1. Can you figure out the FRET efficiency of ALA559 with GLU352, using R₀ = 41 Å and their beta-carbon distance, to the nearest 0.05?
2. Simple spin-label model, 7 Å along Cα-to-Cβ: ARG641 to VAL368 in nm?
3. Once you list every other residue whose beta carbon is under 13 Å from the beta carbon of GLU323, what net charge do they have if Lys and Arg are +1 and Asp and Glu are -1?
4. Select from the range 76-152 those chymotrypsin sites (Phe, Trp or Tyr not before Pro) which occupy a DSSP coil region and have at most 14 other Cβ atoms within 10 Å, ordered by residue number.
5. Using a probe radius of 1.4 Å on heavy atoms only, what accessible surface per residue do you get for the range 167-275? Whole Å² is fine.
6. Counting pairs of alpha carbon atoms under 8 Å apart in space and at least six apart in sequence, what relative contact order in percent does the range 517-631 give?
7. Looking only at the range 283-314, which residues have a backbone nitrogen under 14 Å from a spot 7 Å from the Cα of ARG588 in the C-beta direction?
8. Give the relative contact order (percent, whole number) for the range 122-235; include only Cα pairs under 8 Å separated by 6+ residues.
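The values are calculated or read from the model by the stated rules, or taken from the named source; none is laboratory data. All values derive from a computational prediction rather than experimental measurement. Using ideal geometry, Cβ is built from the backbone for each residue, glycine included, and neighbour counts are taken over all protein chains shown. The protein model used for the area step is the full one, side chains on, heavy atoms only, and it has no ligands, DNA or RNA in it. Shrake-Rupley method; radii C 1.70, N 1.55, O 1.52, S 1.80 Å.
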Amino acid sequence: MNSTAPTIWDPLQLGPTLLKHRIVMPPHGPHYGEDNQPSERMIAYFAERARGGAAALGVEATWGWRAGGALREPARHVNRITTWERRVIPAFARLADAVHEHGCALFVELGAAGVNDKGRLAIDTWHPVWGPSAVPSPVMNEHVLELDRAQIREIVEDFGQSAANMRSAGADGVEVHGAHGYLGMQFLSPHFNRRSDEYGGSVEQRCRFLIESGEAIRARVGGAITVGLRLTYDEFIGDAGITPELADEVVAVLAATGLYDYYSISCGGYHALRWSIPAMGTTEEGFLIPYAERAKRIVGDRAAVFVVGKIRRFEQAAAVVAEGKADVVALMRAQIADPEYVNKARAGRSDEIVHCVGGMECFVSAFVLNSGLTCTVNPAAGRERQWGHGTLVPASPARRVTVVGGGPGGMRVAAVAARRGHQVTLLERGATLGGHLDLLRRLPSRGEWQLAIDNLARPLARLGVDVRLGSEADAALLGAGGADVVVCATGSTWDRDGATPGRPDRATLPGVEQGNVVDIGTAVCRALADPAALGRRVVILDEHGTYWPIGLAELLGQAGVEVEIVTRNQVVGEELRQTMDQGWVFPRLAKLGVTLTPAHTAEQLDGTDLDLRGIWGGTRTVHADTLVLSLLRSPDDRLYRELAAEAAATATASGGTTLAVHRIGDCVTPRAAGDAIVEGERLGRAL
Ligand SMILES: Cc1cc2nc3c(=O)[nH]c(=O)nc-3n(C[C@H](O)[C@H](O)[C@H](O)COP(=O)(O)O)c2cc1C
């Protein structure tokens, strides 16, 4: 580092916008929009991150083109946001005001889906899908029509109108979306752009769409707001698509125009979206920094360069700026997980940062399920109005609270209750905290779940929670323990009854009582201790499509065990498809020779012979030294039932108040860790 190098806390002039420092949150879609406009939920979500210290926030890929998402039709895809209509200005103005209150800038991304659009997004809407060329999306399976010149003109004019609208709303800038597979990127990509007119062919001509977009925007807003461009530096489809070398040329052409104040370097498209938002256990942290460095060398002082991509540690972010590799660091999921990331880092409290684990709940909830973004490690994400900054009130009266179970829900309720002033004891019968996560984290590529455990465990000591490991709680102990409140967060156990909703004709799997049948939790424990313990050929029968059977298969496969995963679902690992883990882990499984058998049920196990039946027909018998059941889980609620019955009986006998008994998390009904954490938060606030 030389003495003139900027630090991450130095301000930066970006066109007319002065960033107060160099950490921003890049554009992202929490999909909280209502009627295609920012909603109150969305405003509160963004305001929280502005309050937490971000220098600028990026609003999602809004539809900047009137036809880019069927949005001119009356029945709209309502939670996506438009910018080309003037009617959205008041809602954006409220958003801009809320963000500005904290000295934070607001940049709005302008996008159009191009080939990754859907002809029909909502009831009674349909339009053709248009792209630079008639090259279809790898995921939408729709025929594509080539945009004509008049349509291209309409798009760039709409981008100009969008920029003017955003300026009227008080936004500080717009960012044209040239990344992640959207239209701007499609024009740059040799795969998607096969045009022979002035918009295709040479790099200069491929850049024409983004140059005309920049010109149309500048024609409407001049230098009054900041104008940036998001770029994919590698499409990750080899020479068929955008390579870093091609991206270098693109940046050189665009930088020469002087149209854009900054270039935000990202990667991936719909062929390889798993690179754009990498899940846990995949890419290195900060894996795009070398690309930003290349771009910065080309751009020089003509514009700023932003970098994104799994940057989690503040030290890494600070080094990027200090070493001149990029001017601005974009932390996306890091600031979903902890809206106060920046303030904590600035105050030297990096050790208090709640870290993103890459579990992908944000992506699945916002994009796949389209239900509005939620976050595994931050239950307040999207619920800022109820649980955001300043909403926690001191307990009155402060009571003695005993939490039984040190899983995610138990740890969360303990911390929230303690923060409110209750005197909290946490009893965990095992030797470690974390519940199911403590086992999951031991599977290949799942180590980052340890961060989730650390996120939850770290505050307990600070808040004075009396954590007792190796403490088995029973009703008698708790009754005598002097607690006012007991919270049962005792988790769940894996089912091993062999029942499956896929076989309503029978209550169990014949042979399930054999000694060579184990549930997945037990199987993982045994395999971790000795990968040969389950035999030379293991069959995993999977009901739910989560990571557990996949992780076990990899663990065993690495040790040379032959593994087959059988599921009645149409694909193995359905959840992994949603989280985009599939593209990372399935090639590893293939290398290890793991057999994936979807659309099959198990008929019976006879010794080591397992009969399988194809849902669409056919039977075969496979060898299974061990059959692992990866079925559902059932609540471990025995303690809760005992305590609740005792409390009810005492209340009747004494007519007075007694021990208050609650249950949360898997102890109510087994679900994902994030749901248990939400319940812990909710109860902790209610006690
Ligand atoms: C839920 C979610 C929504 C996103 N929406 C957008 C979007 O609308 N536009 C965009 O350019 N990038 C979007 N992204 C990508 C992020 O801006 C960012 O590039 C990516 O998450 C990698 O950064 P990170 O590792 O810091 O999370 C989204 C990411 C997530 C997780």
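1. Working: r = 39 Å, r/R0 = 0.95.
So the FRET efficiency works out to roughly 0.55.
2. Computed distance between label sites ARG641 and VAL368 equals 3.4 nm.
3. So the environment of GLU323 carries a net charge of +1.
4. Of the chymotrypsin sites (Phe, Trp or Tyr not before Pro), the ones in loops of the range 76-152 whose Cβ has at most 14 other Cβ atoms within 10 Å are TRP126.
5. Values: 3070 Å² over 109 residues.
Ligands and nucleic acids excluded, the result is 28 Å² per residue.
6. 34
7. From the range 283-314, the list is 283-284.
8. Once divided by the residue count of the range 122-235, the mean separation gives 30 percent.
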